[in-house]
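**Q** Below you will find the structure I want to go over with you.
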Amino acid sequence: MRLVISIVVFVSLVFSQKLIAQSLPFKENSKWGIIENDKVVIRPVYDTVFNFDTAGKICLACFKAKGPSANKFIKTVTVTYACNYLNKSGEKLNIKTEGADTCSVFSLGKLTVKQYTENPNYFIVSSKSKKYLVNKDLSQTLLKGYHEIYLTAEPKYIITEIKTEEGIVYTGLINFKAEEIIPYHYSGIKINNKDSVIVACSAGVGNNGDDDIYDYQGKKIKSYKRHVDMATKNFVIYKIFEPKEYYILLNLKNKEETIFTADEVTPFERDEVLLRTKNEWFVFDLASKQRKPYKK
(Lines give C-alpha, C1' and ligand atoms only; values in the text may rest on other atoms or scores of the structure.)
Protein backbone atom coordinates (compact mmCIF):
# COMPACT_ATOMS: atom_id res chain seq x y z
CA MET A 1 0.00 0.00 0.00
CA ARG A 2 2.85 2.39 0.86
CA LEU A 3 4.49 1.62 -2.49
CA VAL A 4 1.26 2.47 -4.36
CA ILE A 5 0.91 5.76 -2.44
CA SER A 6 4.56 6.66 -3.15
CA ILE A 7 4.10 5.99 -6.87
CA VAL A 8 0.93 8.12 -6.96
CA VAL A 9 2.67 10.98 -5.14
CA PHE A 10 5.72 10.73 -7.45
CA VAL A 11 3.56 10.74 -10.60
CA SER A 12 1.55 13.70 -9.27
CA LEU A 13 4.71 15.67 -8.56
CA VAL A 14 6.16 14.93 -12.00
CA PHE A 15 2.87 15.84 -13.68
CA SER A 16 2.52 19.09 -11.72
CA GLN A 17 6.13 20.05 -12.51
CA LYS A 18 5.46 19.34 -16.19
CA LEU A 19 2.45 21.65 -16.11
CA ILE A 20 4.42 24.40 -14.41
CA ALA A 21 7.34 23.93 -16.79
CA GLN A 22 5.29 24.17 -20.01
CA SER A 23 7.09 27.43 -20.73
CA LEU A 24 10.63 28.05 -19.50
CA PRO A 25 13.34 30.65 -20.14
CA PHE A 26 16.40 29.26 -21.91
CA LYS A 27 19.80 30.65 -22.85
CA GLU A 28 21.53 30.40 -26.19
CA ASN A 29 24.69 32.25 -27.26
CA SER A 30 24.49 34.46 -24.15
CA LYS A 31 20.95 35.56 -25.02
CA TRP A 32 17.63 34.57 -23.48
CA GLY A 33 14.36 33.33 -24.91
CA ILE A 34 11.41 31.16 -23.85
CA ILE A 35 10.67 27.59 -24.90
CA GLU A 36 7.38 25.74 -24.50
CA ASN A 37 7.06 21.99 -24.99
CA ASP A 38 10.29 21.94 -27.03
CA LYS A 39 9.10 24.79 -29.24
CA VAL A 40 10.71 28.23 -29.17
CA VAL A 41 7.97 30.80 -28.55
CA ILE A 42 10.26 33.76 -27.76
CA ARG A 43 13.49 33.79 -29.76
CA PRO A 44 16.74 34.02 -27.72
CA VAL A 45 17.69 37.57 -28.62
CA TYR A 46 17.14 39.29 -25.26
CA ASP A 47 19.52 40.05 -22.39
CA THR A 48 16.97 38.83 -19.86
CA VAL A 49 13.44 37.42 -19.92
CA PHE A 50 10.72 36.87 -17.34
CA ASN A 51 8.48 33.88 -17.93
CA PHE A 52 4.81 34.02 -18.87
CA ASP A 53 2.29 34.77 -16.15
CA THR A 54 0.30 31.90 -14.62
CA ALA A 55 -2.41 32.35 -17.26
CA GLY A 56 0.26 31.85 -19.93
CA LYS A 57 -0.63 35.07 -21.73
CA ILE A 58 2.13 37.66 -21.23
CA CYS A 59 5.90 37.57 -20.71
CA LEU A 60 8.50 40.30 -20.36
CA ALA A 61 11.67 40.41 -22.48
CA CYS A 62 14.36 43.06 -21.98
CA PHE A 63 17.45 44.52 -23.62
CA LYS A 64 20.23 45.85 -21.42
CA ALA A 65 21.69 49.29 -22.03
CA LYS A 66 24.52 51.21 -20.35
CA GLY A 67 24.69 54.94 -19.99
CA PRO A 68 26.07 57.75 -17.81
CA SER A 69 24.33 58.37 -14.51
CA ALA A 70 22.36 61.52 -13.85
CA ASN A 71 24.79 62.54 -11.10
CA LYS A 72 26.77 65.49 -12.46
CA PHE A 73 29.38 65.31 -9.68
CA ILE A 74 30.30 61.61 -9.92
CA LYS A 75 30.67 60.06 -13.36
CA THR A 76 29.46 56.48 -13.25
CA VAL A 77 27.86 54.09 -15.69
CA THR A 78 24.39 52.79 -14.90
CA VAL A 79 22.59 49.76 -16.37
CA THR A 80 19.01 50.10 -17.50
CA TYR A 81 16.59 47.69 -19.18
CA ALA A 82 14.26 48.44 -22.10
CA CYS A 83 11.50 45.83 -22.14
CA ASN A 84 8.72 44.50 -24.36
CA TYR A 85 5.55 42.77 -23.18
CA LEU A 86 4.94 39.83 -25.52
CA ASN A 87 2.26 37.20 -26.04
CA LYS A 88 2.97 33.68 -27.28
CA SER A 89 2.58 34.80 -30.87
CA GLY A 90 5.45 37.23 -30.35
CA GLU A 91 3.16 40.27 -30.64
CA LYS A 92 4.31 43.32 -28.65
CA LEU A 93 2.19 45.54 -26.46
CA ASN A 94 1.80 49.01 -27.96
CA ILE A 95 -0.19 51.55 -25.94
CA LYS A 96 -1.46 55.05 -26.55
CA THR A 97 -0.18 57.50 -23.97
CA GLU A 98 -1.32 61.00 -23.09
CA GLY A 99 -0.50 63.55 -25.75
CA ALA A 100 -1.40 61.15 -28.61
CA ASP A 101 1.97 59.38 -28.32
CA THR A 102 2.49 55.64 -28.47
CA CYS A 103 4.80 53.38 -26.47
CA SER A 104 6.00 49.81 -27.01
CA VAL A 105 9.21 49.88 -24.93
CA PHE A 106 8.94 50.02 -21.15
CA SER A 107 11.44 50.36 -18.33
CA LEU A 108 12.06 47.63 -15.77
CA GLY A 109 11.15 48.68 -12.22
CA LYS A 110 10.91 46.96 -8.85
CA LEU A 111 7.20 46.18 -9.29
CA THR A 112 7.17 45.51 -13.03
CA VAL A 113 7.12 41.72 -12.80
CA LYS A 114 4.58 41.67 -10.00
CA GLN A 115 2.28 44.02 -11.90
CA TYR A 116 2.02 41.78 -14.94
CA THR A 117 1.79 38.46 -13.07
CA GLU A 118 -0.51 39.02 -10.09
CA ASN A 119 -3.86 39.39 -11.95
CA PRO A 120 -5.14 36.86 -14.52
CA ASN A 121 -6.88 39.45 -16.73
CA TYR A 122 -5.09 42.80 -16.44
CA PHE A 123 -1.64 44.27 -15.88
CA ILE A 124 -0.18 47.70 -15.18
CA VAL A 125 2.52 49.32 -17.30
CA SER A 126 4.53 52.51 -16.81
CA SER A 127 5.33 55.12 -19.43
CA LYS A 128 6.64 58.66 -18.88
CA SER A 129 5.85 58.62 -15.14
CA LYS A 130 2.26 57.48 -15.79
CA LYS A 131 0.59 54.13 -15.17
CA TYR A 132 -1.79 52.51 -17.67
CA LEU A 133 -4.08 49.52 -17.30
CA VAL A 134 -3.90 46.91 -20.07
CA ASN A 135 -5.87 43.74 -20.77
CA LYS A 136 -3.86 40.56 -21.23
CA ASP A 137 -5.09 40.30 -24.81
CA LEU A 138 -2.85 43.41 -25.29
CA SER A 139 -5.80 45.80 -25.61
CA GLN A 140 -5.62 49.01 -23.59
CA THR A 141 -8.28 49.18 -20.86
CA LEU A 142 -7.71 52.76 -19.64
CA LEU A 143 -6.57 55.37 -22.14
CA LYS A 144 -5.82 57.85 -19.37
CA GLY A 145 -2.58 57.59 -17.42
CA TYR A 146 -2.51 57.81 -13.62
CA HIS A 147 0.16 58.40 -10.99
CA GLU A 148 -0.61 54.92 -9.64
CA ILE A 149 -3.17 52.15 -10.27
CA TYR A 150 -4.26 49.42 -7.84
CA LEU A 151 -6.42 46.45 -8.79
CA THR A 152 -8.70 45.48 -5.92
CA ALA A 153 -10.54 42.47 -4.53
CA GLU A 154 -13.71 44.02 -5.95
CA PRO A 155 -13.59 43.30 -9.72
CA LYS A 156 -15.84 46.26 -10.61
CA TYR A 157 -13.52 48.99 -9.33
CA ILE A 158 -9.95 50.27 -9.58
CA ILE A 159 -8.19 52.50 -7.05
CA THR A 160 -6.21 55.22 -8.85
CA GLU A 161 -4.00 58.13 -7.80
CA ILE A 162 -3.42 61.48 -9.43
CA LYS A 163 -0.56 63.87 -8.65
CA THR A 164 -1.01 67.64 -8.70
CA GLU A 165 1.55 70.16 -9.94
CA GLU A 166 2.30 70.87 -6.26
CA GLY A 167 3.28 67.23 -5.78
CA ILE A 168 0.24 66.25 -3.69
CA VAL A 169 -1.10 62.75 -4.39
CA TYR A 170 -4.88 62.25 -4.24
CA THR A 171 -6.64 58.88 -4.32
CA GLY A 172 -9.99 58.11 -5.94
CA LEU A 173 -12.04 55.16 -7.19
CA ILE A 174 -13.10 54.51 -10.79
CA ASN A 175 -14.76 51.71 -12.74
CA PHE A 176 -13.39 50.05 -15.87
CA LYS A 177 -14.99 52.73 -18.02
CA ALA A 178 -12.86 55.30 -16.17
CA GLU A 179 -16.01 56.75 -14.59
CA GLU A 180 -15.38 58.33 -11.19
CA ILE A 181 -17.07 56.55 -8.27
CA ILE A 182 -15.23 58.21 -5.38
CA PRO A 183 -13.74 61.68 -6.03
CA TYR A 184 -10.01 62.43 -5.74
CA HIS A 185 -10.18 63.97 -2.27
CA TYR A 186 -8.40 61.30 -0.23
CA SER A 187 -5.04 59.88 0.77
CA GLY A 188 -6.23 56.27 0.72
CA ILE A 189 -9.20 54.05 -0.08
CA LYS A 190 -10.11 50.60 1.25
CA ILE A 191 -12.86 48.36 -0.11
CA ASN A 192 -14.71 45.84 2.06
CA ASN A 193 -16.03 43.58 -0.69
CA LYS A 194 -17.59 41.29 1.91
CA ASP A 195 -20.20 43.93 2.77
CA SER A 196 -20.05 46.39 -0.17
CA VAL A 197 -18.60 49.25 1.88
CA ILE A 198 -15.86 51.69 0.87
CA VAL A 199 -13.67 53.60 3.37
CA ALA A 200 -11.99 56.82 2.18
CA CYS A 201 -9.25 58.31 4.37
CA SER A 202 -8.37 62.00 4.09
CA ALA A 203 -5.43 62.09 6.51
CA GLY A 204 -2.81 64.48 5.20
CA VAL A 205 -4.80 65.79 2.24
CA GLY A 206 -8.40 66.42 3.33
CA ASN A 207 -9.64 69.92 4.00
CA ASN A 208 -11.54 68.91 7.13
CA GLY A 209 -9.64 65.71 7.96
CA ASP A 210 -12.78 63.55 8.00
CA ASP A 211 -12.78 59.92 6.93
CA ASP A 212 -15.81 59.04 4.84
CA ILE A 213 -17.85 55.88 4.29
CA TYR A 214 -19.39 55.26 0.84
CA ASP A 215 -21.68 52.64 -0.64
CA TYR A 216 -20.92 50.91 -3.95
CA GLN A 217 -22.83 53.54 -5.91
CA GLY A 218 -20.49 56.24 -4.66
CA LYS A 219 -23.02 57.73 -2.22
CA LYS A 220 -21.47 59.08 0.98
CA ILE A 221 -23.06 57.37 3.98
CA LYS A 222 -21.28 58.95 6.93
CA SER A 223 -18.23 61.03 7.94
CA TYR A 224 -16.04 60.52 11.02
CA LYS A 225 -13.44 62.68 12.72
CA ARG A 226 -11.44 59.69 13.92
CA HIS A 227 -9.42 57.56 11.51
CA VAL A 228 -11.57 54.73 10.11
CA ASP A 229 -9.50 51.62 9.44
CA MET A 230 -12.37 49.40 8.29
CA ALA A 231 -16.17 49.31 8.20
CA THR A 232 -19.16 47.10 7.56
CA LYS A 233 -22.79 48.15 7.22
CA ASN A 234 -23.26 47.62 10.97
CA PHE A 235 -19.85 48.43 12.47
CA VAL A 236 -17.01 50.92 12.18
CA ILE A 237 -13.45 50.15 13.31
CA TYR A 238 -11.31 53.16 14.25
CA LYS A 239 -7.56 52.97 14.58
CA ILE A 240 -5.95 55.17 17.23
CA PHE A 241 -2.23 55.94 16.89
CA GLU A 242 -1.37 58.11 19.90
CA PRO A 243 -0.16 57.70 22.60
CA LYS A 244 -0.18 54.02 21.56
CA GLU A 245 -1.87 52.04 18.81
CA TYR A 246 -5.20 50.33 19.45
CA TYR A 247 -8.61 49.87 17.82
CA ILE A 248 -12.10 50.99 18.77
CA LEU A 249 -15.11 49.02 17.55
CA LEU A 250 -18.26 51.13 17.12
CA ASN A 251 -21.62 49.37 16.93
CA LEU A 252 -23.73 51.59 14.64
CA LYS A 253 -27.02 50.28 16.06
CA ASN A 254 -26.51 50.89 19.78
CA LYS A 255 -23.46 53.27 19.56
CA GLU A 256 -21.51 51.03 21.94
CA GLU A 257 -17.72 51.32 21.71
CA THR A 258 -15.29 48.51 22.51
CA ILE A 259 -11.49 48.79 22.66
CA PHE A 260 -9.34 45.94 21.35
CA THR A 261 -5.73 45.43 20.24
CA ALA A 262 -4.29 43.81 17.12
CA ASP A 263 -1.45 44.29 14.67
CA GLU A 264 -3.71 44.14 11.61
CA VAL A 265 -7.42 43.98 10.76
CA THR A 266 -8.80 42.77 7.42
CA PRO A 267 -12.32 41.90 6.17
CA PHE A 268 -13.35 38.24 6.41
CA GLU A 269 -17.11 37.77 6.27
CA ARG A 270 -20.05 40.07 6.90
CA ASP A 271 -19.58 41.47 10.43
CA GLU A 272 -16.52 39.26 10.91
CA VAL A 273 -12.91 40.32 10.49
CA LEU A 274 -9.51 38.70 10.66
CA LEU A 275 -7.19 39.95 13.40
CA ARG A 276 -3.45 39.40 13.32
CA THR A 277 -1.56 39.42 16.60
CA LYS A 278 2.17 38.87 15.97
CA ASN A 279 2.16 35.78 13.73
CA GLU A 280 -1.27 34.44 14.71
CA TRP A 281 -4.59 35.12 12.97
CA PHE A 282 -8.00 35.06 14.60
CA VAL A 283 -11.58 35.38 13.38
CA PHE A 284 -13.25 38.18 15.35
CA ASP A 285 -17.05 38.34 15.47
CA LEU A 286 -17.94 42.04 15.67
CA ALA A 287 -21.36 41.41 17.22
CA SER A 288 -20.39 38.92 19.95
CA LYS A 289 -16.79 40.23 20.27
CA GLN A 290 -15.59 36.63 20.40
CA ARG A 291 -12.31 35.44 18.90
CA LYS A 292 -11.57 32.03 17.51
CA PRO A 293 -8.46 30.63 15.79
CA TYR A 294 -8.35 31.08 12.05
CA LYS A 295 -7.53 28.02 9.97
CA LYS A 296 -6.56 28.60 6.36
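Here is a yes/no grid of residues against (1) more than 26 Å from E180 (Cβ to Cβ); (2) of a type in the set (K, R); (3) touching a Gly at 6+ places or on another chain (Cβ under 6 Å):
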site	(1), (2), (3)
D195	no, no, no
D212	no, no, no
Q217	no, no, no
K233	no, yes, no
D263	yes, no, no
P267	no, no, no
F282	yes, no, no
Q290	yes, no, no
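**Q** Also, quick follow-up: Quick check: anything in the range 234-245 out of contact with any Pro (no Cβ under 6 Å at 6 or more places or on another chain), acidic (D, E), farther than 27 Å from I168 by Cβ and at pLDDT below 95? Can you show your working first?
**A** Going residue by residue through the range 234-245, those that are out of contact with any Pro (no Cβ under 6 Å at 6 or more places or on another chain) are 234-245.
Imposing the further condition that a residue be acidic (D, E) reduces the set to 242, 245.
Next, from what is left, pick out any that are farther than 27 Å from I168 by Cβ: none.
No - not one qualifying residue is present in the range 234-245.
**Q** Okay, next question. Which of the strands (runs of 3 or more DSSP E) contained wholly in the range 44-160 include at least 3 residues that are surrounded by fewer than 15 Cβ atoms within 10 Å (Cβ to Cβ)? Write out each step before concluding.
**A** Numbers: elements: 48-50, 59-68, 77-86, 95-97, 101-103, 122-127, 130-135, 148-151.
Qualifying strands (runs of 3 or more DSSP E): 59-68, 77-86.
**Q** Being within 19 Å of the chain's Cα centre (by Cα) and hydrophobic (A, V, I, L, M, F, W, C) is the filter here; which residues of the range 198-230 pass it? Full working, then the answer.
**A** Restricting attention to the range 198-230, the residues satisfying the condition of being within 19 Å of the chain's Cα centre (by Cα) are 198-201, 229-230.
I198, V199, A200, C201, M230, listed by residue number.
**Q** Just to check your reading of the model, which residue among K190, K222, K177 is assigned to a loop (DSSP other than H, G, I, E, B) and not polar (S, T, N, Q)?
**A** After ruling out the rest, the residue left standing is K177.
The values are calculated or read from the model by the stated rules, or taken from the named source; none is laboratory data. The structure displayed is predicted, hence computed values, not measured ones. Note that each Cβ is placed from the backbone with ideal geometry, even for glycine, and that neighbours are counted across all protein chains shown.
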